[in-house]
Amino acid sequence: MRIALVTTSFPADEGDPSGHFVRAEARQLERQGHEVIVIAPPSGGAFGWPGVAARVRERPARLLDAARWVMEARGRLARLEAQRVVAHWAVPSAWPVATAPSAELEVVSHGGDVRLLVRMPRRVRERVVGAIAARAARWRFVSEALQESLLGALGPGVRERVARIAVVAPAEVEMPDVREAVARKKRELGATRVAVSVGRLVGSKRVDRAIEHVARTREVDVLIVVGDGPERGRLEALAHAREVDARFVGRLPREEALVWIGAASVLLFASEREGASTVLREAAAMGTPVVVVTGA
């Protein structure tokens, strides 16, 4: 089967952590014998780290770049004559990119798209979600929390249509073998108790809660913050004010981020409404304990 995989995030190379779970799904489909064509924008303009929403907020004119890609993606999808379309991130990959072709449509929601839909004005949300539900054969949410969040924001009619096609299935995860590198990092750290936080430094990831947790409990010596984004300056100032030894190592290639996860004493997770996040599953695969930080 020819499958078009439409996504706003896809790794540029093996070390790029952006959308690595989308690439994992593409590879799985190829192993099953399907022909997979990925339709993704180049990094830059509206697209790239730390995500479309953050980049557009930083520079609203980037919406024009997003609109150009939507038109190009719609045209390319129409010419492909795929039998099936898998659209990662409901907006814009499913709507408006993939609502026109007649191929079977599967939508995959990861978090940012659900938060965007929930924040839309009610009439706009009902119209967009209704259009997606009218076309899609399946709407896959990577966690139950995301599914419940969207369904809870919909009116009865649209909610019923989405519920009929909704399923919960975690994103695909490929785990490279970093055991030797983890062992080296643990030897470097010695007796130092290390917590790690991994993800984009944006408000919804709530890394400030992780910093406050370390400041309150003093159960670790160092907090390693892997990732970058518009919140970095504020978070660095907060860590300094709370006298937390927080080391912001920036955005790392995925294998280096996994080494920090594997070598840490604990992973701190405070992200909002994500459910079965990829980083939680990576920590579980590497045997690293997780502390879910709650609180307003």
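The values are calculated or read from the model by the stated rules, or taken from the named source; none is laboratory data. Keep in mind that this is a model prediction, so the values were computed, not measured. Note that each Cβ is placed from the backbone with ideal geometry, even for glycine, and that neighbours are counted across all protein chains shown. For accessibility, only protein heavy atoms count, side chains too; no ligands or nucleic acids. Shrake-Rupley method; radii C 1.70, N 1.55, O 1.52, S 1.80 Å.
Numerical summary
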read-out: Among (1) under 27 Å from residue 202 (Cα atoms); (2) without any contact (Cβ under 8 Å) to a residue 12 or more places away in the chain; (3) among the small types (Gly, Ala, Ser); (4) assigned to a loop (DSSP other than H, G, I, E, B) - the single one residue 102 does not satisfy; value: (1)
read-out: Matching residues, the stretch 204-244, being of a type in the set (Gly, Ala, Ser) and either in contact with a Leu (Cβ under 8 Å, 6 or more places away or on another chain) or more than 16 Å from residue 294 (Cβ to Cβ) (or both); value: 210, 227, 229, 233, 237, 239, 241
read-out: Residue count for the stretch 144-155, restricted to those that are more than 30 Å from residue 256 (Cβ to Cβ) and open to solvent by less than 50 Å² (accessible area, probe 1.4 Å); value: 7
read-out: Test for residue 127: is it modelled with pLDDT of 95 or more and of a type outside the set (Ser, Thr, Tyr); value: yes
read-out: Residue match in the stretch 41-51 (condition: in contact with a strand residue (DSSP E or B) (Cβ under 7 Å, 6 or more places away or on another chain) and surrounded by 16 or more Cβ atoms within 10 Å (Cβ to Cβ)); value: yes
read-out: Candidates 128, 158, 182, 167, filtered to the one that is touching a residue at least 12 places away in the same chain (Cβ under 8 Å), in contact with a strand residue (DSSP E or B) (Cβ under 8 Å, 6 or more places away or on another chain) and either in a helix (DSSP H, G or I) or open to solvent by 40 Å² or more (accessible area, probe 1.4 Å) (or both); value: 167
read-out: Top-ranked residue of the stretch 85-94 - restricted to ones that are assigned to a helix (DSSP H, G or I) and not polar (S, T, N, Q), ranked as nearest to residue 150 (Cα to Cα); value: 90
read-out: Within the stretch 196-209, considering residues that are of a type in the set (Gly, Ala, Ser) and buried (at least 24 other Cβ atoms within 10 Å of the Cβ), the one farthest from residue 224 (Cα to Cα); value: 199
read-out: Residues being surrounded by fewer than 19 Cβ atoms within 10 Å (Cβ to Cβ) and either of a type in the set (Ser, Thr, Tyr) or in contact with a Gly (Cβ under 8 Å, 6 or more places away or on another chain) (or both) - total across the stretch 55-91; value: 3
read-out: Helices (runs of 4 or more DSSP H) contained entirely in the stretch 1-84, each with at least 1 residues that are modelled with pLDDT of 90 or more; value: 20-31, 62-80
